[in-house]
Amino acid sequence: MALPSFLNYEILGNSLGQYLLAAFILLVGAALRRLLSRLLSKVLFRLTKRYTAGVTEQELHELLIQPLSVLLLLFTVYLAFGVLRYPLPPNAVPGVEPWPKVALLRAFLLGVILTITWVVLRLVDFALLVVQRRNELRQTAGATRLDNQFLPFAKDLLKVLIIIIGVLVVLGEVFNVNVTALIGGLGIGGLAVAFAAKESLENLIASFTIFLDQPFGVGDLVTAGDVSGTVEKIGFRSTRLRTAEKSYVTVPNKSMIDKPLDNLSLRTSRRVGFTLIFDQKTTSAQLHEIIAGAITAMQAHPLVTQDVQMKFNALTPAGREVTVQYFVDTTSYDEYLDVKEDLNYRIVEVVEQHGGTFAGTPVVAPPVAGKV
């Protein structure tokens, strides 16, 4: 079937029919790229379904739909411009491709390599999500604690390696750089780089020390130097803590292992200690009864350990000092406060039952008959 004559009209070395074909390829590719990318992610999910328990197909689509769409768009653009001819300049060397075609090929290779790197990074996110969901299904507390600490670090490390590989491939394939010679040259300047990045390298080594020695993990309440908070993330260079004031503090990993670190989450109980001061009118018999009754009340609490101490410690001009110490068998701060409040009420009740009064407590005289 003969084509209409107007389609043979040439503009810049290409017929109008070639331009229309390129435009048609672009339109079809733009219309179908999301459908094809969803189809590719669906096929990938079906192939890995037996290993992805707990992860839905939609979650994989959300991770891959965008990079796969860009990758398909790049192939569409390349096919569309591939049907066009590129005029040679007057002084062109025979056998050498025209520069517009070379530029198109280099741009296409650059886009494809970057997009494939993007896809691989998203697959790393998907793999981490699969591991996390499998741990949740196993409901293994010890493994979950280790994974919460190690998996984000491993993901970041793997992503850095993938990005480095992607950059090296771009330099070699797109810009024709001798990657082997480049890596060899980096070895010569490695010493200077090491000195320049001395602090960063120390923090990186400290992060590996944290994972191997495990002095703390994600979710632990720790005190390092003057900083206290709950560990939310352990990264390459630093550890992130959420303080009691809900601020977000970043501490270099080197500081976390160089200074004495108190892991408050690993203590078996919480200590409570304070001093009661009774006035001089409180008799020794009353003190004996108050101390015995208060010790019994504290030991009767289910969350208080048996090593309860309450001693008549000192006589001062201010009054008679009695020190109190006990341990609450909990690592929860809220539960610790509840136990303290409950026992404070019980101690006050014991003091009132035996007629004791605290120093500085105003004495209210009983009303006199006939007076208001």
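Summary table
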| item | result |
| --- | --- |
| Per-selection Kirkwood Rh - the stretch 251-315 (Cα, Å, 1 d.p.) | 15.5 |
| Accessible area in square angstrom per residue, the stretch 245-300, 1.4 angstrom probe | 58 |
| Percent carbon-and-sulfur accessible area, the stretch 274-353, ignoring ligands, DNA and RNA, probe 1.4 Å | 51 |
| Extension reserve of the V169-R106 stretch, reckoned as 0.36 nm per residue once the Cα distance is removed | 21.4 nm |
| Cleavage-rule hits, trypsin sites (Lys or Arg not before Pro), the stretch 14-86, DSSP coil, Cβ neighbours within 10 Å at most 14 | R85 |
| Pairwise label distance in nanometres, D125 with L158, each label 7 Å out on the Cα-Cβ vector | 1.4 |
| Mean Cβ count within 10 Å, highest first, over the residues of peptides 285-292, 112-119 | 112-119, 285-292 |
| Positive minus negative residues near Y248 (Lys, Arg vs Asp, Glu; Cβ under 9 Å) | +2 |
| Length released on extending from L266 to T230, taking residue separation times 0.36 nm less the Cα-Cα span | 11.7 nm |
| Reduced Cα scattering model of the stretch 228-372, Debye log10 I(q)/I(0), q = 0.10, 0.17, 0.20, 0.21 Å⁻¹ | -0.54, -0.96, -1.14, -1.21 |
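The values are calculated or read from the model by the stated rules, or taken from the named source; none is laboratory data. In this text, all values refer to a predicted model and were calculated from it rather than measured experimentally. Virtual Cβ from ideal backbone geometry, glycine too; neighbours counted across all protein chains shown. The accessibility values were calculated without ligands, DNA or RNA, using every heavy atom of the protein model including side chains. Shrake-Rupley method; radii C 1.70, N 1.55, O 1.52, S 1.80 Å.
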